[in-house]
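Asks: There's a structure below that I have some questions on.
The values are calculated or read from the model by the stated rules, or taken from the named source; none is laboratory data. The shown structure was predicted, so the numbers you read here are calculated from the model rather than taken from an experiment. Positions of Cβ are generated from backbone atoms using ideal geometry, with glycine treated the same way; all protein chains shown enter the neighbour counts. Keep in mind that these areas ignore ligands, DNA and RNA; they rest on the heavy atoms of the full protein, side chains included. Shrake-Rupley method; radii C 1.70, N 1.55, O 1.52, S 1.80 Å.
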Amino acid sequence: MTFKNLLTQTLSAAILITVTVSSCKKKEDEKIEPSFQPFTTPLKRPATVSGTSATFTASASSSEVIPGTSTGFLAYNNSIPGPTISINSGQTLNINFMNSLSEGTNIHWHGLEVPADQDGFPTSRISAGSNYNFSFPVNNRASAYWYHPHPEGATASQVYKGMAGFFIVRDAEEAALNLPSGDYEVPLVIQDKRLDNSNQLIYSPTTNDIMTGWLGDKIVVNGIYAPYLSVATRFYRFRVLNGSNARIYNLALSNSANFYVIGSDGGLLSAPVSTQSLMLSPGERADILINFSSYSVGTEIYLQSNSFTSMSQGNEFKIMKFKVDKSEAETFSLPSSLSVINSLSPASADTTRSFVLKADPMGAMPGMSGMHTINDKIFDENRVDEFVQAGSTEVWEIENTSDEPHPMHIHGVQFLVLQRTGGRNALIPTENGWKDTALLMPGEKIRIIMKFPSYLGKFVFHCHNLEHEEDGMMLVFQAI
Ligand code: C2O
Ligand code: CU
Ligand code: CU
């Protein structure tokens, strides 16, 4: 045995021991900070940009996660979260982007069908001090999409440090439903952070953090720790984004009331689905309606995450508070149908592909990538893993043989989930509509179907647990 082999084996054994010991401790180190959860800071809404052109500057900035304190962030236009872009389907967006960070970055338009050169391929970076003009037509249907950086090696840290915002697309079909709007339509980006004693963000994933993904102990909504929202006795529409690096939320109301799921990553469902809880993994969005009309003024209800079974997370905790504090007459009535989801038939698929997800703590040397793989491979910018015919319909089967959850995301296309076997063995309410990200709990296998758009070029698909993604859990497909 060579010295190098011996070293490899010794180090791998050391990692295995560390990982085994810490997974025995299970949820010990991810407990949500219980000591300071006042729910006394009002929720703020993200800044907005409207119109079809805007200037975006990325720079170091700061924000008050906890009132009266200043936490350093990386931000778009000094705003945490990033400004919400609001645009009508069919319009062309122009963003004059300036990188005033001290590192390279790019922007990915998560969920949107955009040309490959606009999509933020991981190795296309806009270097520090340079600018880039993004310009693309927005062809997707109405929904809450989002944007965030995607540079290889820095996606996880830049997103964690604050760079993410909503990208809301509107269309006539949605407008005709007269869904709650204005004060009654609230974007919520839910994230988890770890702060040091001077309230600065900590981001320093260890090997074990890379296995589980980076989990924070403070839940922030729209950049505010433990906020509250005053609501009237009405229906509210919440556009919820899980913008966390690794944490999954099992959304529920503290009084166990039902709420309605009306939309998913890629827009409205065909009909509202009433539910008591909804899993939302990193990258996913949910369009939900909560009816506060039957509560008396003074009622307080929490949005919380219910417990679920997973090795490294899944404790119950509160996210934010709703304070019912004014009585108002309702003008909205819940439509029984919302949209038409034109299903794709697996019989019409041109190709079926299979992907197996694995996690192996011995798969890599310390400080190197490769513990998480797709078909035993990690990201390589110079290799094309799958050639896809533009405009064709494909079925992808993805199987999670690891013991960690993986929210799998495909760039530049929306898909339908046909089936989930193993684990939960069922679809969840958001999976009644178009998706760009779907969660695979350990032991689960999903079949999805999609029709690729006409854009040619290289795109990626990956786990949206951003530490897994940085670890290499990302492959390249090229539309030809
Ligand atoms: Cu939201 Cu490839 O990412
Ligand atoms: Cu994406
Ligand atoms: Cu993963």
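Asks: When region 425-461 is examined, which residues are found to be out of contact with any strand residue (DSSP E or B) (no Cβ under 9 Å at 6 or more places or on another chain) and farther than 22 Å from Val273 by Cβ?
Replies: Listed by number, the list is empty, since nothing qualifies.
Asks: State all residues of region 424-479 that are open to solvent by 30 Å² or more (accessible area, probe 1.4 Å), within 16 Å of ligand 3 (Cβ to nearest atom) and over 24 Å from Leu241 (Cβ atoms); if no residue qualifies, say none.
Replies: Scanning region 424-479 gives Pro442, Gly443, Lys445.
Asks: Just to be sure, is Gly162 at positive phi and open to solvent by 20 Å² or more (accessible area, probe 1.4 Å)?
Replies: no
Asks: May I pose another question? Tell me which residues, restricted to region 397-418, are open to solvent by 40 Å² or more (accessible area, probe 1.4 Å) and in contact with a helix residue (DSSP H, G or I) (Cβ under 7 Å, 6 or more places away or on another chain).
Replies: Matches in region 397-418: Leu418 only.
Asks: Let me ask something else about it. From Asn208, Asn199, which residue is on the phi > 0 side of the Ramachandran plot, touching a residue at least 40 places away in the same chain (Cβ under 8 Å) and not assigned by TED's automatic domain parsing to the domain that holds Ser100?
Replies: Answer to the selection: Asn199.
Asks: Looking at Glu394, Glu386, can you tell me which residue is at pLDDT 95 or above, open to solvent by 10 Å² or more (accessible area, probe 1.4 Å), over 25 Å from Asp287 (Cα atoms) and of a type in the set (Asp, Glu)?
Replies: The conditions single out Glu386.
Asks: Glu404 passes all but one of (1) out of contact with any strand residue (DSSP E or B) (no Cβ under 9 Å at 6 or more places or on another chain); (2) on the phi < 0 side of the Ramachandran plot; which number fails?
Replies: (1)
Asks: So which strands (runs of 3 or more DSSP E) stay within region 366-408 end to end and still have 3 or more residues that are away from ligand 3 (no atom under 13 Å from the Cβ) and in contact (Cβ under 8 Å) with a residue 12 or more places away in the chain?
Replies: Correct list: 386-388, 393-400.
Asks: Further question: Determine, yes or no, whether Gly213 is open to solvent by less than 60 Å² (accessible area, probe 1.4 Å), modelled with pLDDT of 95 or more, among the small types (Gly, Ala, Ser) and over 21 Å from Leu112 (Cβ atoms).
Replies: Taking the combined requirement at face value, the residue satisfies it.
Asks: To continue, here is another question. Within region 64-82, track down each residue that is buried (at least 20 other Cβ atoms within 10 Å of the Cβ) and not small (Gly, Ala, Ser).
Replies: Of everything in region 64-82, those that are buried (at least 20 other Cβ atoms within 10 Å of the Cβ) and not small (Gly, Ala, Ser) turn out to be Val65, Thr71, Phe73, Leu74, Tyr76, Ile80, Pro81.
Asks: Having 2 or more residues that are away from ligand 2 (no atom under 12 Å from the Cβ) and modelled with pLDDT of 95 or more is the bar; report the strands (runs of 3 or more DSSP E) wholly within region 71-167 that clear it.
Replies: Passing ranges, in order: 71-76, 82-88, 92-99, 131-137, 143-148.
Asks: Return the total of residues in region 119-143 being open to solvent by less than 10 Å² (accessible area, probe 1.4 Å) and within 13 Å of ligand 1 (Cβ to nearest atom).
Replies: 3
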